[in-house]
Amino acid sequence: MADRQNWTVSSGRALQGELEIPGDKSVSHRAVMLAALADGVSTIDGFLEGEDTRATAAIFSQLGVRIETPSPSRRVVHGVGVDGLRAPSAPLDCGNAGTGMRLLSGLLAAQAFDSTLVGDESLSRRPMRRVIDPLSRMGARIESEAGGLPPLRIRGGQTIRGMDYTLEVASAQVKSAVLLAGLYAEGETVVREPHPTRDYTERMLTAFGVDIEFSPGHARLRGGQRLRATDIAVPADFSSAAFFMVAASIVPGSELRLRAVGLNPRRTGLLIALRAMGADIVEENRSEHGGEPVADLVVRHAPLHGIEVPVEIVPDMIDEFPALFVAAACAEGRTTVRGAAELRVKESDRLASMATGLRALGIRVDETADGATVLGGQIGSGEVHSHDDHRIAMAFSVAAQRASGPVRILDVANVATSFPGYDALAQGIGFGAFTAT
């Protein structure tokens, strides 16, 4: 699908069936990183076969880590220990992976060798100052383009010092970068957040035997620890499941079962919001995979109504807002979002991208600096731009299922970064045709 630039998506039928959603991208990134730093051999099952996560795995191969792929979605990682990475002979290409670049900047800032992190055109427009600044306070030397943009040139051989740091803006990626640098730091590293964010890194460090203390909004670890190899089962990605949760909620007659979806409590704000809007979503077969809670989600169509999204759950649904905006467009009344300024610095300005696209399809959206109000109504036919953002592209394919005519979505190639095969999977359970143009 990487060579498809645009989709024209039609409405389909009631959505029915069971879906195996690809593995969680956030967990896949971290599993490869920590397995590479561990002593011993780790097996990762459920690894996301997306371009972002493959880029991270390829980077660790460049850093001297042997990674085998005995079958799709499985990786066997021969860890080299925290001090075993080797200097790369070329720049390290993160592709479209903001998670990869930000976490790697923390990890590589503590190495003895120089390295350079590069990305694709979209990633090269994303600000990295918020991760450069705290790492610099720890002793890192990171040079960037004007405005803190990639490439990032990281100078090796620096002494990294632990610190007590309060994030200015809640960000799991920045927190994770500081904690990964903290593994190599002299003394103790403490990270505090204005609002709790996802704790994937903390849970994964625990799984690899690191002594880390964490609670919502707070994490503490001491430098100099080693990691023990372990086997990881990656749960299905909640952000990828989000599009099908919304689609089944808004298309009459639908009933979908989404298998073994990761339900990290710092990730499930959308679930809370959709239920508040009247969605019928039931959790079954709860269990735990690699320290992460999982469950089947059974989603049935239900009439939705607008809500004021509670500000306290906004950090727990920052990647799911494109899907939520589509649910809001199909709900009766107004849905208001506040406290979501973070959306303006994702792969695209997601507030502006969703507002502009929904307006093009006939939905009233009033933007604010940190949110928007969406007035539900009939979605029309039209053309929208994804701005090279995979989640925007998938969200408008969901909107097309309730549209009065086809929706043309421009620049969809990046969908493969997080959800390879999305179009085929969607059509298999009842979405209308995805015509590549």
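The values are calculated or read from the model by the stated rules, or taken from the named source; none is laboratory data. In this text, all values refer to a predicted model and were calculated from it rather than measured experimentally. A quick note on method: Cβ atoms are made from the backbone with ideal geometry, for glycine too, and the neighbour counts reach across all protein chains shown.
Right, Leu304: buried (at least 17 other Cβ atoms within 10 Å of the Cβ), under 19 Å from the mean Cα position of the chain (by Cα), in the same structural domain as Ile392 (by TED's automatic domain parsing) and among the hydrophobic types (A, V, I, L, M, F, W, C) or not?
no
Within the range 215-235, is even one residue touching a residue at least 60 places away in the same chain (Cβ under 8 Å), of a type in the set (A, V, I, L, M, F, W, C), more than 19 Å from Arg266 (Cβ to Cβ) and touching a helix residue (DSSP H, G or I) at 6+ places or on another chain (Cβ under 9 Å)?
yes
For Leu108, indicate whether it is more than 23 Å from Gly46 (Cβ to Cβ), of a type outside the set (Asp, Glu) and in contact with a Ser or Thr (Cβ under 6 Å, 6 or more places away or on another chain).
yes
Per-residue answers, yes or no, for (1) within 22 Å of Gly224 (Cβ to Cβ); (2) touching a strand residue (DSSP E or B) at 6+ places or on another chain (Cβ under 7 Å); (3) assigned by TED's automatic domain parsing to the domain that holds His29:
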site: Val82; (1), (2), (3): yes, no, yes
site: Gly98; (1), (2), (3): no, no, yes
site: Leu104; (1), (2), (3): yes, yes, yes
site: Met128; (1), (2), (3): no, yes, yes
site: Ser144; (1), (2), (3): no, yes, yes
site: Leu152; (1), (2), (3): no, yes, yes
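Among the numbered criteria (1) of a type outside the set (Ser, Thr, Tyr); (2) touching a Phe, Trp or Tyr at 6+ places or on another chain (Cβ under 7 Å); (3) under 17 Å from Asn264 (Cβ atoms), which one does Ala38 miss?
(3)
Would you mention how many residues in the range 47-94 are crowded, with 23+ Cβ neighbours inside 10 Å and at pLDDT below 95?
4
Just checking, does the range 8-31 include any residue being under 12 Å from Gly79 (Cα atoms) and either surrounded by 16 or more Cβ atoms within 10 Å (Cβ to Cβ) or modelled with pLDDT of 95 or more (or both)?
There is at least one residue in the range 8-31 that is under 12 Å from Gly79 (Cα atoms) and either surrounded by 16 or more Cβ atoms within 10 Å (Cβ to Cβ) or modelled with pLDDT of 95 or more (or both).
Select, from Gly262, Gly269, Gly339, the only residue that is on the phi > 0 side of the Ramachandran plot and either assigned by TED's automatic domain parsing to the domain that holds Tyr422 or touching a residue at least 12 places away in the same chain (Cβ under 8 Å) (or both).
Gly339
Looking at Leu108 and the list (1) surrounded by fewer than 24 Cβ atoms within 10 Å (Cβ to Cβ); (2) out of contact with any helix residue (DSSP H, G or I) (no Cβ under 7 Å at 6 or more places or on another chain), which single condition is not satisfied?
(1)
Is it true that some residue in the range 312-323 is surrounded by fewer than 19 Cβ atoms within 10 Å (Cβ to Cβ), farther than 27 Å from Val282 by Cα and not hydroxyl-bearing (Ser, Thr, Tyr)?
No.
Which helices (runs of 4 or more DSSP H) does the range 385-437 wholly contain that include 2 or more residues that are among the small types (Gly, Ala, Ser) and in the same structural domain as Gly98 (by TED's automatic domain parsing)?
Filter on the range 385-437 gives an empty set.
Please go through the range 366-391 and give me each residue that is among the aliphatic types (A, V, I, L, M) and touching a residue at least 40 places away in the same chain (Cβ under 8 Å), ordered by number. If you could, list the steps in order and put the result at the bottom.
Taking the range 366-391 as the starting set, the residues that turn out to be among the aliphatic types (A, V, I, L, M) are 369, 372, 374-375, 379, 384.
Once the filter is applied, which keeps residues that are among the aliphatic types (A, V, I, L, M) and touching a residue at least 40 places away in the same chain (Cβ under 8 Å), the range 366-391 yields Ala372, Val374, Leu375, Ile379.
Looking only at the range 342-360, which residues are under 22 Å from Thr99 (Cβ atoms) and in contact (Cβ under 8 Å) with a residue 40 or more places away in the chain?
Passing the criteria: Glu342, Val345, Lys346, Glu347, Ser348, Arg350, Met354.
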